[in-house]
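Encoded as C-alpha cells, the structure appears first; notes follow it.
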Amino acid sequence: MEGGALLTDAFVEFSKEYVLYCNIMSRVPGDKHQNLLMEKGGQGFPYIVFLDAEGNVLAKHEGARDADGFRETGKKVQAFLEVRRKAETGGAEAKLDYLIARLDLGHVKVADAEREIRGLGTPSPEQKARLDEALTNATVLETVREIQSDEGAEQAGKKFYEMHKAGKPAPTSDDAVQAYWILLMDCAEEKKDAAAFEAGFKALKAKFGELPQAQKWFKEKEETLKKLKESK
Amino acid sequence: MRHLFRGALALLALGSAAAAQQSLEEKRDQKLKSPFLSKAAWITDYDKAREESRKTGRVIFAYFTRSYAP
C-alpha cells in the first residue's frame, strides 16, 4: 500500500478532506504512542481508522485499500457525524437514528443497543425497519468476531441456521452477508437441509456470483446442492 | 577465569542489545523517509494530528504501520 495506493494522486486528492496521521510502531523505547494500534482496536498491519479530534474511532476501514475505498468509508463517517450532531440536540427520533448509525459502525454492542432502545419510545415503522436491519447486521458481525476456533465457527453457523429457520431476516451489509450465509450453508449441509443450503447459495450467487475468484467455490457448492437434493 | 568469561558474555549481550536498539532506530528513521510520507501532508505525531483536527474540524485518517519488520 505504501508503494502503491498511498502514492497516487487520487489518494492525495482524497486526503485534502482529512488530517492524515501515520502511526509507526517502531519498538524503539521512548517512542510515543506505541500502543495506539491496540487502543484503537487494531490487531495487525496495515490498519486504518477514522478518528475524531478526541481520538474516538469513528470507523474502521474494511473496504478496498485505495482512494475510492477510503472515500466510501469517509462518506459513512460524515453521515455518522451528521446524525451525531442531530442527536445532540434532537429528540427520541434523532437519538434512535444515532443508535442505528452506531450499530452500523460497530460502536455499540447489540445487548447495549437493545437496552437503549427501550428508553427511546416507539420507533416509526420506517425507523423500526432500519433498526431491525442494523440489529441483524450487528448480531451477525458480533457473532463472527467472537469466533476463535473451528468449533466456534460451527456454533456460529448453527446460530445463523436457527435464525434463518425461525424466519428472521438475513443481514444486508456486505461483510455480514458473506459470513452469515457461508457459515449457515455449512450447518445446512451437515443437517442435509437442501432448502436452507439453496437459500444461502442463491443469496451469495446474487451478490458475488460475478467474481472470477469465486467461480470454483460456486461450482463446488452447486455440486453439494445437487447431492443434497438427490439424497432427499 | 570463569568471572572473566561471564563478564565477556555480559558485555557481548549488552553489545548486541545496543546493536539491536540502533537497528530499530535506523529502521524507524528509514520508515520516516518513505516516499508516501512526503507525497501527502502526513503528520506522524498523534498529539499534533489531534490538534490539527481540532483546529480544522477535519476528521483524522489514521494509518498504522510498523518499521521493525517489513
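Considering the conditions (1) open to solvent by 40 Å² or more (accessible area, probe 1.4 Å); (2) more than 7 Å from chain A (Cβ to nearest Cβ), B:Thr44 is excluded by exactly one of them, (2).
Residues that are more than 7 Å from chain B (Cβ to nearest Cβ) and in contact (Cβ under 8 Å) with a residue 12 or more places away in the chain do not occur anywhere in region A:30-37.
A quick yes/no check of all residues on (1) closer than 27 Å to A:Arg118 by Cα; (2) touching a residue at least 12 places away in the same chain (Cβ under 8 Å); (3) touching a helix residue (DSSP H, G or I) at 6+ places or on another chain (Cβ under 8 Å):
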{"residue": "A:Glu133", "(1), (2), (3)": "yes, yes, no"}
{"residue": "A:Asp150", "(1), (2), (3)": "no, no, no"}
{"residue": "A:Ser173", "(1), (2), (3)": "yes, yes, yes"}
{"residue": "A:Gln178", "(1), (2), (3)": "no, yes, yes"}
{"residue": "A:Leu183", "(1), (2), (3)": "no, yes, yes"}
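I'd like the residue in region B:53-70 that is outside any helix (DSSP H, G or I) and more than 7 Å from every other protein chain (Cβ to nearest Cβ) and, out of all such residues, is surrounded by the most Cβ atoms within 10 Å (Cβ to Cβ). So the residue we want is B:Gly57. Among residues of region A:89-107 that are open to solvent by less than 50 Å² (accessible area, probe 1.4 Å), those with a beta-carbon under 8 Å from a residue that is β-branched (Val, Ile, Thr) and not in a helix (DSSP H, G or I) at least six positions away or on a different chain give the pairs A:Leu99/A:Val108; A:Arg102/A:Val108.
If the condition is being open to solvent by 40 Å² or more (accessible area, probe 1.4 Å) and either at the interface with chain B (Cβ under 7 Å from one of its Cβ atoms) or on the phi > 0 side of the Ramachandran plot (or both), then region A:14-29 contributes A:Glu17, A:Arg27.
Only one residue in A:Ala170, A:Ala166, A:Ala111 is small (Gly, Ala, Ser), open to solvent by 70 Å² or more (accessible area, probe 1.4 Å) and either touching a strand residue (DSSP E or B) at 6+ places or on another chain (Cβ under 8 Å) or at pLDDT 95 or above (or both), so which one is that? The match here is A:Ala166. Restricting attention to region A:77-87 and to residues that are in contact (Cβ under 8 Å) with a residue 12 or more places away in the chain and away from chain B (no Cβ under 11 Å), the residue that is surrounded by the most Cβ atoms within 10 Å (Cβ to Cβ) turns out to be A:Val83. The residues listed here are A:Phe45, A:Phe50; of these, the one that is aromatic (Phe, Trp, Tyr), over 30 Å from B:Ser23 (Cα atoms) and within 7 Å of another protein chain (Cβ to nearest Cβ) is A:Phe50.
Take the conditions hydrophobic (A, V, I, L, M, F, W, C) and surrounded by 16 or more Cβ atoms within 10 Å (Cβ to Cβ) and apply them to A:Ala206. Does it pass? No; evaluated as a whole, the condition is false for this residue.
The values are calculated or read from the model by the stated rules, or taken from the named source; none is laboratory data. On a predicted model such as this, the values are computed, not experimentally measured, just so you know. Cβ atoms come from the backbone with ideal geometry, glycine included; neighbour counts cover every protein chain shown. In case anyone asks, the SASA skips ligands and DNA or RNA and just uses the protein heavy atoms, side chains included. Shrake-Rupley method; radii C 1.70, N 1.55, O 1.52, S 1.80 Å.
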